[in-house]
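Right, one structure below, let's go through it.
The values are calculated or read from the model by the stated rules, or taken from the named source; none is laboratory data. Keep in mind the model is a prediction, meaning the values are calculated, not measured. Here the Cβ positions follow ideal geometry from the backbone for every residue, glycine too, while neighbour counts run over all protein chains shown.
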Amino acid sequence: MSGPVLELAGVTRVHGTGETAVHALRGVSLRVAAGELVAVMGPSGSGKSTLLTLAGGLDLPTAGRVLVQGQDLGALGPAGVAALRRRTIGYVFQDFNLIPALTAAENVALPRELDGVSARAARALARTALDRLGIPELADRFPDDMSGGQQQRVAIARAIVGERKLLLADEPTGALDSETGESVLRLIRARCDDGVAGVLVTHEARLAGWADRIVFVRDGVVVDETEPLAPAESLLEQTP
């Protein structure tokens, strides 16, 4: 496709009404192309996570449009948005959101099974994703039998299973040590280098160094945009 994978066009999100209304985003516009990783930074409460939930179709804007591969999420309806999320969007949550009663392979396969793929085919895709992340040995383990870093890798495998075109990550290294966090960012960067469009919400400048662009949000408004000060590999070498 020639256009951006993700486009936010004049997006505003208001929670509540009247004097208690909270403007989480105010007229935000953002484009993310295939193969590009964009980091979103800003203070707590600036609107970073709201931007990501709108990009992933988990919420709808009060005004403006959110388009994924040219499709306006606001015009698709709940069923259409859910189908697009399952097929096209991978979401890495800060708290992993793995289902305790399912093995790693079952967790990863679940989005494909919900989209009508047979259990056997979905599990095969799940094992391929786990193998791609270098953790095939975790396929039959339950989340409680994994470390935090292993759970996060499984969550990333779930986000990339199948042919996802957009990868959204909300503080994906928040609960991880620095070494494991760098490893997770390397995996996300690799998926973008393979052609996936990525958006990373982070408060750490060294992790934003893996991105192609850094967008700064404050009080619901994009206030600046820049390139990382140093290449990701240089940042990694400087990490103790």
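The residues of the range 118-152 that are outside any helix (DSSP H, G or I) and either modelled with pLDDT of 95 or more or in contact with an Asp or Glu (Cβ under 6 Å, 6 or more places away or on another chain) (or both), listed by number, are 139, 140, 141, 142.
On inspection, residue 86 passes the criterion of being within 21 Å of residue 156 (Cβ to Cβ), assigned to a helix (DSSP H, G or I) and free of Cβ contacts under 8 Å to residues at least 60 places away in the same chain.
Taking into account only those residues within the range 156-178 that are within 23 Å of residue 205 (Cα to Cα) and part of a helix (DSSP H, G or I), which is modelled with the highest pLDDT? Filtering the range 156-178 for residues that are within 23 Å of residue 205 (Cα to Cα) and part of a helix (DSSP H, G or I), the one modelled with the highest pLDDT comes out as 156.
The set of residues in the range 28-48 being within 15 Å of residue 222 (Cα to Cα) and either surrounded by 15 or more Cβ atoms within 10 Å (Cβ to Cβ) or among the basic types (Lys, Arg) (or both) consists of 28, 30, 31, 32, 38, 39, 40, 41, 42, 46, 47, 48.
Of all residues in the range 94-115, none satisfies being of a type in the set (Asp, Glu), surrounded by 16 or more Cβ atoms within 10 Å (Cβ to Cβ) and touching a strand residue (DSSP E or B) at 6+ places or on another chain (Cβ under 9 Å). Of everything in the range 1-36, what is polar (S, T, N, Q) and in a loop (DSSP other than H, G, I, E, B)? Give them in sequence order. 2, 17, listed by residue number.
Of the residues making up the range 4-27, those that are buried (at least 21 other Cβ atoms within 10 Å of the Cβ), touching a residue at least 60 places away in the same chain (Cβ under 8 Å) and either farther than 20 Å from residue 65 by Cα or within 18 Å of the chain's Cα centre (by Cα) (or both) are 5, 6.
Scanning the range 28-69 for residues that are over 24 Å from residue 203 (Cβ atoms), hydroxyl-bearing (Ser, Thr, Tyr) and either touching a helix residue (DSSP H, G or I) at 6+ places or on another chain (Cβ under 7 Å) or free of Cβ contacts under 8 Å to residues at least 40 places away in the same chain (or both) yields a total of 0. Taken as a whole, the structure leaves residue 51 outside the set of residues that are under 16 Å from residue 170 (Cβ atoms), surrounded by 21 or more Cβ atoms within 10 Å (Cβ to Cβ) and more than 12 Å from the chain's Cα centre (by Cα).
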